[in-house]
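A.B. asks: The structure is given below, and queries will be raised subsequently.
The values are calculated or read from the model by the stated rules, or taken from the named source; none is laboratory data. Since the model is a prediction, treat every value here as computed from it, not as a measurement. Accessible surface is based on the protein model in full, side chains and every heavy atom, while ligands, DNA and RNA are left aside. Shrake-Rupley method; radii C 1.70, N 1.55, O 1.52, S 1.80 Å.
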Amino acid sequence: MARVQEIEQLKLAKRQAERAIETLRQEAVKQNRRLAELETQRREIRDAAYAPYEKARDWEVLKVFMLRLALTLPLLLVSAWMIAKKRGSNYWPIYRGFVLFSLFAFFVELVPYMPSYGGYVRTIVGIVLTLIAAHFAIKWMKAYVDKKQSEEQQPEADKRKLIAYETAVKKINDCQCPSCDRSFGNPKAKKEDAPMVDFCVHCGFNLFTKCENCGTRDNSFYKFCGSCGVASGDAN
């Protein structure tokens, strides 16, 4: 009888636990429905707020870009003016530093903050900058070629006045004509294997001369003979 009573109590406890589980299951179903409703509401709220958020973000990006442009554009304009008007100035090394600084400000401080709008703006700006760079590169190359052709028509004495002493010495030592900038030999070849070229084979410029005092062959721009120390044109 005691065992039967204990079994009955256990069955009763089991039925109570099952009823509690069923109640909790029903509550879980209600909570899941409520959660689904809340998820739907949150999705609707996010969808409704997405367009204003994108608009506000685009405006913020544009505002930051315009502020940076207001600081960078004057630098670029001043640099363009320096390149156009001050390249031959005695202070050009300082101006060139300012130009490099403005380019750094443009590519580092402005370009990364440029509005994207799906990548179209940056792509268009890249194309425009490439076209501008190509235009000026072609223009510079044409001017350089015309300048070299004009210099080749001038007497050699006039050519020498246009060439800096240090530049001429370095170019001749590197087997490059200082007048036409063309190579007349291999600078890496051994000295004994190098061809004995006294005049440029391309433009006829005098590259090497012999000392009038000792007859040593040397760079035509040297002011003094490397063997006897006599000044060029002052032989005994």
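A.B. asks: Rounded to two decimals, what ratio of Rg to Rh does the stretch 63-141 give with C-alpha atoms and a Kirkwood Rh?
C.D. replies: Details: Rg = 14.2 Å, Rh = 13.9 Å.
That ratio is 1.02, to two decimals.
A.B. asks: Once the Cα atoms of helix 120-152 and of the chain are each reduced to a long axis, what angle between those two axes, in degrees from 0 to 90 to the nearest 10, is obtained?
C.D. replies: On a 0 to 90 degree scale, this one is about 10.
A.B. asks: With an 8 Å Cα cut-off and a minimum separation of 6 or more residues, compute the relative contact order for the chain in percent.
C.D. replies: Numbers: 143 pairs, mean separation 19.8, N = 236.
In percent, rounded to a whole number, it is 8.
A.B. asks: Roll a 1.4 angstrom probe over the protein heavy atoms and tell me the percent of accessible area of the chain that is carbon or sulfur.
C.D. replies: Numbers: 11020 of 18120 Å².
Here carbon and sulfur together make up 61 percent of the probe-accessible area.
A.B. asks: Follow-up question, since we're still on this one. Report, by chain and number, residues whose modeled amide H sits under 5 Å from the one on residue 217, excluding near sequence neighbours (fewer than 5 apart, same chain).
C.D. replies: Those qualifying (amide H under 5 Å, at least 5 residues apart or on another chain) are 211.
A.B. asks: Further question: To the nearest 10 square angstrom, how much accessible area does residue 92 have with a 1.4 angstrom probe?
C.D. replies: That residue has around 50 Å² of solvent-accessible surface.
A.B. asks: Still on this structure, please answer the following. Which value, in Å² rounded to 10, gives the accessible area of residue 135 with a 1.4 Å probe and all protein chains present?
C.D. replies: Spelled out: residue 135, probe radius 1.4 Å, area about 110 Å².
A.B. asks: Calculate how steeply helix 2-85 sits against the longest principal axis of the alpha-carbon atoms of the chain, using the helix alpha-carbon long axis, and give the answer as 0 to 90 degrees to the nearest 10.
C.D. replies: 20 degrees
A.B. asks: Then there is this: Please list 159, 11, 55, 142 from largest to smallest accessible area, probe radius 1.4 Å, with all protein chains kept in place. Show your work: numbers first, answer last.
C.D. replies: Numbers: 159 15, 11 100, 55 155, 142 125 Å².
Descending order: 55, 142, 11, 159.
A.B. asks: Could you derive backbone 3J(HN,Hα) for the stretch 163-175 from the dihedral phi with the Karplus parameters 6.51, -1.76 and 1.60 (θ = phi - 60°), listing whole Hz in sequence and x where the residue is Gly or Pro?
C.D. replies: 9, 5, 4, 4, 5, 5, 4, 5, 5, 5, 5, 8, 6
A.B. asks: Same structure again: Using Cα atoms only, what is the angle between the long axis of helix 92-104 and the major principal axis of the chain, expressed in degrees (0 to 90) to the nearest 10?
C.D. replies: With both axes taken from Cα atoms, the answer is about 20 degrees.
A.B. asks: Next up: From the Cα gyration tensor of the stretch 141-182, with a ≥ b ≥ c the square roots of its eigenvalues, which class applies: rounded if a/c is under 1.5, or else prolate if a/b is larger than b/c, or else oblate? Walk me through the intermediate numbers first.
C.D. replies: Details: a/c = 2.14, a/b = 1.36, b/c = 1.57.
Oblate is the answer for the stretch 141-182, as a/c is 1.5 or above yet b/c matches or exceeds a/b.
A.B. asks: Just the number, please: Stokes-Einstein D of the chain in µm²/s, Kirkwood Rh from C-alpha pairs, 20 °C, 1.002 mPa s. Show your work: numbers first, answer last.
C.D. replies: Details: Rh = 27.0 Å.
The Stokes-Einstein estimate is 79 µm²/s.
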